[in-house]
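The values are calculated or read from the model by the stated rules, or taken from the named source; none is laboratory data. Remember, predicted model here, so these are calculated numbers, not experimental data. Positions of Cβ are generated from backbone atoms using ideal geometry, with glycine treated the same way; all protein chains shown enter the neighbour counts.
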Amino acid sequence: MEGSKKKGFLTIKQLEVLKLRAQGYTQNNIADIMKTTRENIAVIERRAKSNLIRAIETIVSYIESVSLAKVEIKKGENTYIAVKRILREANNAKVKLKEHMPEIMDILKRIGGEEDGKLNTNIIVYIQKDGSINLITIPDKKKRIPKICTLS
C-alpha cells in the first residue's frame, strides 16, 4: 500500500512524490530519498495523477452545473477575440462580470500561454451568476493535468 493517510484524493506519499517532481527531482532521485525503487515511484506518481484528474473532473462537473454560461476557447484563437466572446456571453446571460477586459485578457495569457496574440491552449470559461468566472485549461496530452483558475 502506498500510504493509507490521505490529504483529499491523494495519499501523503503521492503528494510528496508530486511535490518532489514539481521541484525537478527525477523518479530515481525520489526513489533514493524515499528508500524504494524507481518502479514503485512510477506507480505512485501514475496513481497520484489519476486521482488528481478524478478530483478535477469532480470540481469541473460542479462548476458546470452552477454556471449560467460557458465559452469554449480553442487553441490558436486570438486572445482579444476570446475576451470579447466572454464579455458577450456574460452580457447575454445578464451577468455583470467582476473583472474587466484587461484582467480577463491577462489571466487568459497566463494560464493559456500566448504567442503572436493567439492562445496556446484550449480553455473553457464558465460564467457564474455572481459575476465570477472559472477558467479551465484542456491539455493536449491526456496525461497532463488541467489548470483551474477562478476570478471573483
- Query: Could you count how many residues in the range 35-59 are of a type outside the set (S, T, N, Q) and within 26 Å of N134 (Cα to Cα)?
  - Reply: 9
- Task: Report, by residue number, each residue of the range 130-152 that is assigned to a loop (DSSP other than H, G, I, E, B), without any contact (Cβ under 8 Å) to a residue 40 or more places away in the chain and under 13 Å from E103 (Cα atoms).
- Result: S132
- Query: Among E89, E45, E57, E77, which is among the acidic types (D, E) and either at pLDDT below 95 or farther than 21 Å from I138 by Cα (or both)?
  - Reply: E57
- Message: Name the single residue that is modelled with the highest pLDDT among those in the range 21-30 being under 22 Å from the mean Cα position of the chain (by Cα) and in a helix (DSSP H, G or I).
- Response: R21
- Task: State yes or no: is L151 touching a helix residue (DSSP H, G or I) at 6+ places or on another chain (Cβ under 7 Å), surrounded by 13 or more Cβ atoms within 10 Å (Cβ to Cβ) and at pLDDT 95 or above?
- Result: no
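Residue by residue, here is whether (1) in contact with a His (Cβ under 8 Å, 6 or more places away or on another chain); (2) surrounded by 14 or more Cβ atoms within 10 Å (Cβ to Cβ); (3) of a type in the set (S, T, Y) holds:
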residue: T11; (1), (2), (3): no, yes, yes
residue: E16; (1), (2), (3): no, yes, no
residue: S65; (1), (2), (3): no, no, yes
residue: L68; (1), (2), (3): no, yes, no
- Task: Return yes or no: is N51 in the same structural domain as R21 (by TED's automatic domain parsing) and on the phi < 0 side of the Ramachandran plot?
- Result: yes
- Task: Kindly provide the set of residues from the range 36-56 that are loosely packed, with under 14 Cβ neighbours inside 10 Å and touching a Lys or Arg at 6+ places or on another chain (Cβ under 8 Å), ordered by number.
- Result: none
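Pick out the one residue from I86, I59, I81, I33 that is assigned to a helix (DSSP H, G or I) and surrounded by 16 or more Cβ atoms within 10 Å (Cβ to Cβ).
I86
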